[in-house]
1. Roll a 1.4 Å probe over the protein heavy atoms and report the accessible area of Phe94 in Å², nearest 10.
2. From the residues Tyr243, Gly278, Gly110, which one has its Cα farthest along the dipole of the chain in the positive direction, the dipole being from +1 and -1 charges on Cβ of Lys/Arg and Asp/Glu about the Cα centre?
3. Using +1 at the C-beta of Lys and Arg and -1 at the C-beta of Asp and Glu, which of Leu263, Gly167, Ser210 has the Cα lying farthest in the positive direction of the dipole of the range 164-282?
4. Could you tell me what % of all Cα pairs in the range 115-220 have separations over 23 Å?
5. Among the trypsin sites (Lys or Arg not before Pro) within the range 24-65, which fall in a DSSP loop and have no more than 15 other Cβ atoms within 10 Å of their own Cβ?
6. Calculate, for Lys63 and Tyr213, the FRET efficiency according to 1/(1 + (r/R0)^6) with r their C-beta to C-beta distance and R0 51 Å; round to the nearest 0.05.
7. Would you kindly derive the ³J(HN,Hα) couplings of the range 145-151 from the backbone phi angles with the Karplus curve 6.51 cos²θ - 1.76 cosθ + 1.60 (θ = phi - 60°), listing them in order in whole Hz, with x for Gly and Pro?
8. With every protein chain present, what accessible area does Thr103 have (1.4 Å probe, heavy atoms only), rounded to the nearest 10 Å²?
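The values are calculated or read from the model by the stated rules, or taken from the named source; none is laboratory data. Keep in mind that this is a model prediction, so the values were computed, not measured. Please note: Cβ atoms are built from the backbone with ideal geometry, for glycine as well, and neighbour counts cover all protein chains shown. We work out accessible area using only protein heavy atoms, side chains counted, and drop any ligands, DNA or RNA first. Shrake-Rupley method; radii C 1.70, N 1.55, O 1.52, S 1.80 Å.
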Amino acid sequence: MATQIQKIRLDLWLAQNLHGGSTFSRGALQKFIKKSGVKINGKVVKKPHALIGEADKIEFSEKDLEKFMAQSEVTVESDSYKKNKIIYDDKDFFVIDKPAGVTSEAVARGYHAVHRLDKDTSGILVIAKSGFAQAELQKQWRDRLVKKTYITLLKGILMPKKGAVEGGIFRSDSDRKRMTVSAEDRARKSYTEYEVSDYFKIPGGGDTVSCSYVKVFPKTGRTHQIRVHFAAIKFPVLGDALYGDKKLNEIMLDQFGLSRQFLHASELELLHPRTKKGLHFE
């Protein structure tokens, strides 16, 4: 029996393979594909839903993509962000405290996504109001000029109290929802620094579980980076349905009502896209 090669859509492939972990919204990528096209095995394709296999050769210019985004203008208004807490707002971009359970794409609808948070991760999300602001802000992400701080609760006593997790990340071949840490050449270099703030003991299930309350400083921006890095060293994020400890997750749900991963984007430092003034959001 022949093994079927799993394929993914062109727009999703682009979102996963942009340099430096940069991510545009799926809607913006679809517009780019329809207007400019992407070469698949030497042939220009303008269908976002075209399927890509591992053996296919994909050619596109990130500079052309950035230029396209910079030249585009916001034409759709959306009030979805108004339901969330606005931390900062000016003519170029706004910053919100995204709640868990809402996708970054839904919050950014009608505007320009700069980066993203997982659906069940809460915290600071930056959204541009123009293609210019989006391109300027995303360049800061690619150049690793943005300082990001997350807070999380991990299973176990994480030692030493200050350290880092390093390991290449790529999407699992067996489960496309999961990322995995690997030394393979195709894995993208990823680096996560951390600092333990406190330790806790949580009673449940007849046992007492030790946990670490941690500040995390990701230096790269891979999909699920924090979650997959700590799971790889056997300190999974509490409440994480994909990489976590199922038994402990049930305890956290029963005792504390925690129905999603304990991960929050708490602080962000960047330069204003127009004035280049340093800004800090918390």
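1. Using a 1.4 Å probe on the heavy atoms, I get roughly 0 Å².
2. It is Gly110.
3. Of the candidates, Gly167 comes out farthest on the positive side.
4. Cα-Cα pairs in the range 115-220 separated by more than 23 Å: 46 percent.
5. Lys46, Lys57
6. About 0.75, to the nearest 0.05.
7. Those phi angles translate into 8, 8, 9, 10, 10, 10, 10 Hz.
8. Answer for Thr103: close to 50 Å² accessible.
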